[in-house]
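Okay, structure first, notes after.
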Amino acid sequence: MEEKVLADKEQFPTEKIIYSHIGKSRSIWESVFGYIHENHPDISAEWRYYNDGKSWLMKVTLKTKTIFWLSVIPGGFRITFYFGDKAEQAIMQSKISDELKTSFIEGKKYGKIRGLTLIMKTKRNVEYVKELISIKLKTK
């Protein structure tokens, strides 16, 4: 099991704290959020502490629509999108890796949705995040 980070309910995840955990993945973080701020200025992010997982999670939204969830892990961060069946065709036709497509198709269903998680420790995943944000924004 990986080490828990951002587990202290009393310690809000400031940029300094986040960067201390993600280390070399800081440039990937800055690429993701630079892209969002530049191309989707209406998207907002909010940190909340969740007692069930005993850690802080970032919820990234556009108005009332959740775009993705983010959690910090040692040396990087994890982004999880949740898509309904309507998005399946767009995901399968997208430029994301075959490995991610398979992960989505075979993923556990939570009611009518499935999760798609990217471990953000490599630059190529930034392009996949951009692609998945686009799909999320186009899908009802």
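The values are calculated or read from the model by the stated rules, or taken from the named source; none is laboratory data. Fair warning: this is a prediction, and the values are worked out from it, not measured in the lab. A quick note on method: Cβ atoms are made from the backbone with ideal geometry, for glycine too, and the neighbour counts reach across all protein chains shown.
General observations
- Any hit, segment 85-97, residues being surrounded by 16 or more Cβ atoms within 10 Å (Cβ to Cβ), within 26 Å of SER20 (Cα to Cα), touching a strand residue (DSSP E or B) at 6+ places or on another chain (Cβ under 8 Å) and touching a residue at least 24 places away in the same chain (Cβ under 8 Å): no
- Restricting ILE105, ILE133 to those that are more than 16 Å from THR66 (Cα to Cα) and β-branched (Val, Ile, Thr) reduces the list to ILE105.
- Segment 45-78, subset of a type in the set (S, T, N, Q) and in a strand (DSSP E or B), residue surrounded by the fewest Cβ atoms within 10 Å (Cβ to Cβ): THR66
- Total residues in segment 117-128, condition in a helix (DSSP H, G or I) and either hydroxyl-bearing (Ser, Thr, Tyr) or under 15 Å from GLU99 (Cβ atoms) (or both): 4
- Scanning segment 5-17 for residues that are surrounded by fewer than 14 Cβ atoms within 10 Å (Cβ to Cβ) and either in contact with a strand residue (DSSP E or B) (Cβ under 8 Å, 6 or more places away or on another chain) or farther than 18 Å from GLY76 by Cα (or both) yields a count of 5.
- Any hit, segment 18-40, residues being among the basic types (Lys, Arg), touching a residue at least 12 places away in the same chain (Cβ under 8 Å), farther than 12 Å from PRO74 by Cα and surrounded by fewer than 14 Cβ atoms within 10 Å (Cβ to Cβ): no
- Out of GLU99, GLU38, GLU10, one residue alone is charged (D, E, K, R), modelled with pLDDT of 95 or more and part of a loop (DSSP other than H, G, I, E, B). It is GLU10.
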